[in-house]
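Reading through the C-alpha cells given below for one structure.
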Amino acid sequence: MENYLSTFFNNIATSFKDSWYHFINQVPGIIMAILIVAVGLMLATKITRLSKKAIARKTSDVITINFLGKAIRLALSALVIIYALRVAGLAFVATGFFAAAGASAVIIGFAFRDIGENFIAGIILSFNRPFNVNDTVNIGEIFGKVKSIEFRYTKLKTFDGRDVYIPNSDVIT
C-alpha cells in the first residue's frame with residue numbers, strides 16, 4: 001500500500017512540475033501578447049482617428065463618420081486580439097472562439113431578432129440619410145430634434161427637454 005501511495009504522490013509531483021515548466025515557458029509569449037494588445041489597441045484608436053479625419057474630408061455627415069469609425073476600430077481591435085492570442089500560443093482559442101461565435105450568431109440572431117433588426121436599420125439609416133443631426137422630425141408620436149443615430153437607436157431631444165431613444169427599426173418603418 002505504501003508503494004502505491006509513494007507512486008501516486010510522485011506522479012502528482014511530476015505532473016505539477018511539468019505544468020510549472022510549461023507555464024514558465026509560456027510566460028514570455030503571454031507578456032508579449034499583453035504588450036501587443038496594449039500597443040495594438042492604442043494604434044487602433046489612432047488609426048480610427050485618422051480614418052475619421054479622412055472620411056470627414058469626403059463627407060460632412062457626422063453619423064456616417066462615427067459609424068465607419070466605430071466599425072474600423074472594432075475590426076482592428078479584433079485583429080489585434082487574434083494576433084495576440086497567436087503570439088501567446090493560444091491560436092486554438094481564437095479559432096475556437098470564432099467558430100463558436102459564428103455558430104452562436106445564428107442562434108443569437110433568432111433569440112435577439114429585434115437587436116439585429118435595429119442594428120441593420122442603423123446601418124441603413126447611416127447610409128440612406130433620411131434626416132441629419134439637428135433636423136426636427138416626427139417619428140411615431142415623438143416630435144423633436146435628432147441628436148444622434150447609433151447602431152441600434154436614434155436619439156431625439158424633445159422640445160420639453162426629454163431625451164428619447166427610438167429603436168432604429170421603428171425609425172425605418
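We did not get these values from a lab; they are worked out from the coordinates using the rules stated. Since the structure is predicted, the reported quantities are computational estimates derived from the model, not experimental observations. Here Cβ is always computed from backbone atoms with ideal geometry, including for glycine, and neighbour counts include all displayed protein chains.
Annotations for the structure displayed:
- Summing Lys and Arg as +1 and Asp and Glu as -1 over all other residues whose Cβ lies under 13 Å from the Cβ of residue 153 gives a net charge of -2.
- Modelled spin labels at residue 50 and residue 136, positioned 7 Å past Cα toward Cβ, are 4.4 nm from each other.
- Report note on the peptides 36-49, 115-128, 8-21: ranked by the mean count of other C-beta atoms within 10 Å, highest first, their order is 115-128, 36-49, 8-21.
- Global geometry of region 56-115, whether rounded, prolate or oblate, following the gyration tensor of its Cα atoms and the 1.5 cut on a/c: oblate
- 3J(HN,Hα) along region 91-102, derived from phi through the Karplus expression 6.51 cos²θ - 1.76 cosθ + 1.60 where θ = phi - 60°, amounts to 4, 5, 5, 5, 4, x, 4, 6, 5, 5, 5, x Hz, with x in place of Gly and Pro.
- Euclidean distance between Cα centres, region 1-64 to region 121-143, Å: 41 Å
- Across all Cα atoms of region 44-84, the radius of gyration (one decimal) and Dmax (whole number) stand at 10.9, 36 Å.
- Relative contact order, percent, the chain [alpha-carbon distance under 8 Å, six or more residues apart]: 16 percent
- 222 nm mean residue ellipticity, helices alone, for the chain (DSSP H n ≥ 4; -39,500 (n - 2.57); rounded to 500): -25500 deg cm²/dmol
- Normalised Debye scattering of region 1-141 at q = 0.13, 0.16 Å⁻¹ gives log10 I(q)/I(0) of -0.85, -1.05, counting only Cα atoms as equal scatterers and leaving out solvent.
- Value of relative contact order over region 36-131, rounded to a whole percent, pairs C-alpha under 8 Å and six or more apart: 28 percent
- With contacts taken as Cα pairs under 8 Å and at least 6 residues apart, region 8-82 reaches a relative contact order of 34 percent.
- Helix 62-87 and the longest principal axis of the C-alpha atoms of the chain enclose an angle of approximately 10°.
- The count of lysine pairs in region 12-79 with alpha-carbon distances below 20 Å, taking only pairs 8 or more places apart or on different chains, stands at 5.
- Rounded to the nearest 20 debye, the dipole size of region 1-110 about its Cα centre is 960 debye, using +1 on the Cβ of Lys and Arg and -1 on the Cβ of Asp and Glu.
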